[in-house]
Amino acid sequence: MHPAKGPGLSDPNDHRLFEHLRRQLIEMRERAGGALYLLVDPSLQDPFSGVESGNPRFTLPLPAARFPQGTAPYLLRAGAFGRDPVADLSLQLAIEQAGHSADSSSSTSARSMGAWIVLADDQNPMQVASALARSSQLVIQGERRTLRFWDPRVMDLLNGILDTDQHRQLLAPILSYAWMRRDLLIRVQAHEPGQQDPLSPLAAQLQLSTEQVRLIQLLPDVNLVLGSLEKAGCVHSEDYALDVARNLRAAEDRWQMQEKDDRVAFAICCGIYGDDFWADPEIGSTLSGMQGRQGCMAVVINQLTATNPRQGTVHRA
């Protein structure tokens, strides 16, 4: 499903944006026809700890060594938007956190408001929490890792690299899963459950290819690049996280950039000047002549700003 937003609704402080997105989430729940839950990450701060409500919560049973008590994500039952303050607060938080995604402090910090999910009325939410916890546990190169898909920025990237079966394996018990993108759009993943019981411990687990793992491991740098592009006023593409990850890969594979700063600067330039900015003969010559050398992008940026003054300055992460 492609994201949609009303014209001109890009200001996180615009009440019309809140109303538009609230209607979208109401429609999502009505289409799925189930119960609404929030997926909350309290690892830095629990935004609902001081909210008085009788809404039950169900913590994902994740390894205690990596998730001390009170830091694991949880499902929180939510009522109807406009009637339940928990539901309305979740949207306010999501808008605020996504609207400040360009801040340097948020490039590596978790977002507490992860997602809105719809479960069938007869589903046991604790069993769903257990299934989601299992989905997050991957074995990569012999080591167990946690895929923090409840972070919207992770889902932005996963949405571009997972196929239909992998999405189903990741979110098998869920009828609809929605999260807030960096550009204040809501993305919805909806699917019909497969024939196998998604709550069974024997249900198919998510398997990632070597290429997918490599792209996911680039996520911290992807967030740095996107933060700089937002400061530069660049418009997001449909699959912006995947586009940036691929440009970071190109910096390393095609141009042999060994330094993180150079790779990040290369991806920023792709966002500002176009993915093929290096096709300019002068730029291409510089990159070819300085392959593997630290600071090559400083030279390229000087060339770009000299020949494209109207594009402004490249914001280094």
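Note on the range 13-51: among residues that are of a type in the set (Asp, Glu) and in contact (Cβ under 8 Å) with a residue 24 or more places away in the chain, the one that is nearest to Ala178 (Cα to Cα) is Asp41.
Counting only helices (runs of 4 or more DSSP H) that sit completely within the range 65-177, those holding 2 or more residues that are free of Cβ contacts under 8 Å to residues at least 60 places away in the same chain, among the polar types (S, T, N, Q) and out of contact with any strand residue (DSSP E or B) (no Cβ under 7 Å at 6 or more places or on another chain) correspond to 164-170. Taken as a whole, the structure places Asn223 among residues that are under 28 Å from Asp163 (Cβ atoms), open to solvent by less than 60 Å² (accessible area, probe 1.4 Å) and modelled with pLDDT under 95. Take the range 271-281 and flag every residue that is assigned to a helix (DSSP H, G or I) and free of Cβ contacts under 8 Å to residues at least 24 places away in the same chain. Within the range 271-281, Trp278, Ala279, Pro281 qualify.
If you go through the range 185-208 and pick out every residue that is out of contact with any helix residue (DSSP H, G or I) (no Cβ under 7 Å at 6 or more places or on another chain) and modelled with pLDDT of 95 or more, you end up with 0. Can you confirm whether Ile268 is touching a His at 6+ places or on another chain (Cβ under 9 Å), hydrophobic (A, V, I, L, M, F, W, C) and closer than 14 Å to Val300 by Cβ? So Ile268 passes the test.
Of all the numbered requirements in (1) buried (at least 20 other Cβ atoms within 10 Å of the Cβ); (2) touching a His at 6+ places or on another chain (Cβ under 7 Å), Ala115 misses one, and that requirement is (2). Given (1) farther than 21 Å from Ala64 by Cβ; (2) in a loop (DSSP other than H, G, I, E, B); (3) at pLDDT 95 or above, where does Arg182 come up short, assuming only one miss? Just one mismatch for Arg182, condition (3). Say we look at the range 257-292 and pick out the residues that are small (Gly, Ala, Ser) and closer than 17 Å to Ser228 by Cα; which of these is most open to solvent (accessible area, probe 1.4 Å)? Checking each candidate, the answer is Gly271. Does Pro63 qualify as being under 23 Å from Val154 (Cα atoms) and either surrounded by fewer than 18 Cβ atoms within 10 Å (Cβ to Cβ) or among the charged types (D, E, K, R) (or both)? Yes: the conditions hold for Pro63.
Give the residue that is most open to solvent (accessible area, probe 1.4 Å), with candidates limited to residues of the range 293-314 that are closer than 11 Å to Cys269 by Cβ and at pLDDT below 90. Here the answer is Gln311. Residues in the range 238-256 that are part of a loop (DSSP other than H, G, I, E, B) and open to solvent by 50 Å² or more (accessible area, probe 1.4 Å): 4 in all.
The values are calculated or read from the model by the stated rules, or taken from the named source; none is laboratory data. Everything quoted here is computed from the prediction, not taken from an experiment. In this analysis, Cβ positions are derived from the backbone assuming ideal geometry, glycine residues included, and neighbour counts consider all displayed protein chains. What goes into the accessible areas is simple: the full protein's heavy atoms, side chains included, and nothing from ligands, DNA or RNA. Shrake-Rupley method; radii C 1.70, N 1.55, O 1.52, S 1.80 Å.
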